[in-house]
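Take a look at the structure set out below.
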Amino acid sequence: VFGNLVVTGMMGTGKSAVASLIATETGRDLVDLDDRIEAGAGASAAEIFASEGEDGFRDRERAAVSELGRVRDSVIATGGWTMADDESRATLESLGPVVCLVASAEAVAGRLAADARERPVLGSAPDLARVESLIGRRRSTYDSFVLQVDTTARTARESAAEVQALVESAGSVAASAIPVASPTGGYRDVVGSGLLDAIGPVLSAVGLAERVAIVTDDNVNALYGAKAMHSLEGAGAVTARVEFPAGEASKNLSTVGDLYNALVAAGLDRTSTVVALGGGVVGDAAGFVAATYLRGLSLVQVPTSLLAMVDSSVGGKTGVNLPAGKNLVGAFKHPDLVITDPSALRTLPPEELTGGMAEVVKAAVIGDPELLAQLEDRGAPDRDRADDWARIIRRAVAVKAQIVGEDPGELGRRVVLNLGHTFAHALEHATGHRIAHGPAVSVGLVAAARLAARTGYAQEDLAEHLGRILRHLGLPTRYAGPEPEALVRSMQADKKRERGNLRFVLPAAVGDVALVTDVAESDVIAVLGELRDPASMPPTVPDPE
Ligand SMILES: NC(=O)c1ccc[n+]([C@@H]2O[C@H](COP(=O)([O-])OP(=O)(O)OC[C@H]3O[C@@H](n4cnc5c(N)ncnc54)[C@H](O)[C@@H]3O)[C@@H](O)[C@H]2O)c1
């Protein structure tokens, strides 16, 4: 029994031919959605477009998909734009694994020209420019499918074999991808439970699985290193594995030097791939190595901590610390792919999971009021509810993806991602890191909301609202430690200062944050004074220095 298989993709990528070959080879039924619609209407797609308009066609398409509910052991070829409808997509995804066929604009235009059938969206004999523009407009939808086969240089038979191999090795993974724009052409963050077992086929599908070095820390290596290695080797990759001691103290140039030497020993060349498997420390250090070794290798981020999943794996910032300060050496290195498997959160220490939630709340406050409402209603999922985590992570990643897509080089809008962080960094610094990053961000979010109210940007109740949600998630909203004046001195040494006045990212409301550059020191001191509570014990974490 094979079950269903769904083949989707742009017109001209070969959906019908590939689906029909697989159906014949595996003895399954073929369901061609366009054929069904045409048969039902007694008219061609082009005629339906002419008489009922695109809306009429889409209505018929939606109805045809909803009738697929009882289909078994079939290969289903969708229409080129069926998946743009959320409801149809959900139905089709519930039927079986979905493989999206992609092809270059030249290949698509060539195939359409060879096939004289009238295409309702493009007309007959569309030129290359029109095909390119259509692909451009639709790319984010096609990119959101994890399983992809590029049919540009393949015959239909070769593509069919590739589709079957991909589904066999990775088909059970329920994942979807968030596209991230970048100056290097963009990449996808694929989020789904079970993906750690499918790293090999997923990398192989995008041509990154020839020679691979997994860079990880000793904690994560012991838990997931073998699994990732096994999957890559199964996909035919020559794979090496390099670990360094876990923790922020390893994020330095000496580790970077050790990693370069390990890559030399592993025989990595310029066509090889670095897989950064771990939390933000691994992502930053391995990313920097991938940016600089041989002037740059392909990089795949595989985040395993919540912070790395929702924050550091997306956006392309990499780097290490110097004795003089954090992240002082680095590079922009946008990954080629991010693979996020929330089932790894099962083993994450509880305080790391709780700390990571502060970044999730930050993302929600910046750009997703509905996510914040969900966190308020339901709190954080249990650690083993990987599918629930996947939904939260996707939303948080989407917020970051939107912002870094607008400002990949951090020249403008991207500064809003620092919401709560000016306070947090000062707290961490002034307490010698006895307050961990997540709790510090939590206090920082409340401080930003209070400062916003005090300076007239936000309503008074925003800080109260955020505070309730954060406390419910197990995060602090007050701090014990240095006097407000000492914290402000620490902020003044921070880079986010402009001509005497302090600058802060402040929330006017949930989903509406902006940089405010003229905040008076006295207001900051007043807010910190309100939040300082010597009775609230700072979480004790070992001092990394
Ligand atoms: N590049 C960026 O844009 C960016 C953004 C935010 C933070 N950062 C950086 O990220 C770093 C913090 O990242 P972090 O919080 O992930 O710290 P981390 O990488 O040190 O991970 C925290 C701990 O959890 C362990 N761990 C990770 N995944 C695990 C899993 N699935 N199961 C069990 N243990 C696991 C690690 O071994 C480590 O001991 C900082 O260095 C910070 O500067 C970078």
Could you give me the radius of gyration and the Dmax of segment 183-238, taking only the C-alpha atoms into account and expressing both in angstrom? 11.9, 35
Paramagnetic label zone (point 7 Å from Cα along Cα-to-C-beta, Ser44; backbone N under 19 Å) in segment 68-103: 79-81
Full extension between Asp127 and Tyr260 adds, at 0.36 nm per residue less the Cα distance, a length in nm of 43.1 nm
Three principal axis extents, largest first, for the C-alpha atoms of the chain, in Å? 77, 56, 41
Between Glu168 and Asp73, what is the spin-label point distance in nm, taking each point 7 Å from the Cα along the Cα→C-beta axis? 1.9 nm
For segment 92-155, alpha-carbon Rg over 2.2 N^0.38 Å: 1.21
DSSP beta bridges in the chain [antiparallel fraction, %, rounded to 5]: 35 percent
Pairwise over distinct Cα atoms, reciprocal of the mean inverse distance: report the Kirkwood radius of segment 212-307 in Å, one decimal place. 13.0 Å
Arranged from highest to lowest average of other beta-carbon atoms within 10 Å per residue, in what order do the peptides 340-349, 269-278 appear? 269-278, 340-349
Anything over 25 Å Cα to Cα? Flag those among Lys251/Lys333; Lys227/Lys326; Lys227/Lys362; Lys227/Lys400; Lys15/Lys227, in the order listed. Lys227/Lys326; Lys227/Lys362; Lys227/Lys400; Lys15/Lys227
Give me the number: length gained by fully extending Ala222 to Thr24, i.e. 0.36 nm times residue separation minus the C-alpha to C-alpha distance, one decimal in nm. 66.9 nm
Using a Förster distance of 22 Å, the FRET efficiency for Asp512-Leu411 (Cβ separation, nearest 0.05): 0.55
What full-extension length gain, to one decimal in nm, is calculated for Gln492 and Asp85 as 0.36 nm per residue of separation minus the Cα-Cα distance? 141.5 nm
Place the peptides 355-364, 92-101 in order of packing, highest mean first, counting for every residue the other Cβ atoms within 10 Å and averaging per peptide. 355-364, 92-101
Using only the alpha-carbon atoms of segment 116-212 as identical scatterers, what base-10 log of I(q)/I(0) does the Debye formula give at q = 0.16, 0.18, 0.21, 0.24 Å⁻¹? -0.85, -1.01, -1.20, -1.32
At 37 °C and 0.692 mPa s, what whole-number value in µm²/s does Stokes-Einstein give for the translational diffusion of segment 322-408, with Rh from the Kirkwood sum over Cα pairs? 224 µm²/s
Taking 35 Å as R0, compute the FRET efficiency from the Cβ-Cβ separation of Arg346 and Gln374 and round it to 0.05. 0.95
Which peptide among 320-331, 465-476 comes first, and what is the full order, when sorted by highest mean count of other Cβ atoms within 10 Å? 465-476, 320-331
Restricting to Cα atoms and excluding each atom paired with itself, what does the Kirkwood estimate give for segment 55-130 in Å? 14.2 Å
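Can you figure out the FRET efficiency of Ser140 with Glu483, using R₀ = 45 Å and their beta-carbon distance, to the nearest 0.05?
Calculated transfer efficiency: 0.40.
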Viscosity 1.567 mPa s, temperature 4 °C: give me the Stokes-Einstein translational D for segment 242-375 in µm²/s, with Rh taken as the Kirkwood radius over C-alpha pairs. 84 µm²/s
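Quick note: the coordinates plus some simple rules give every number you see, no bench work behind them. Quick caveat: nothing in here was measured; it's all calculated off a predicted structure. Cβ atoms come from the backbone with ideal geometry, glycine included; neighbour counts cover every protein chain shown.
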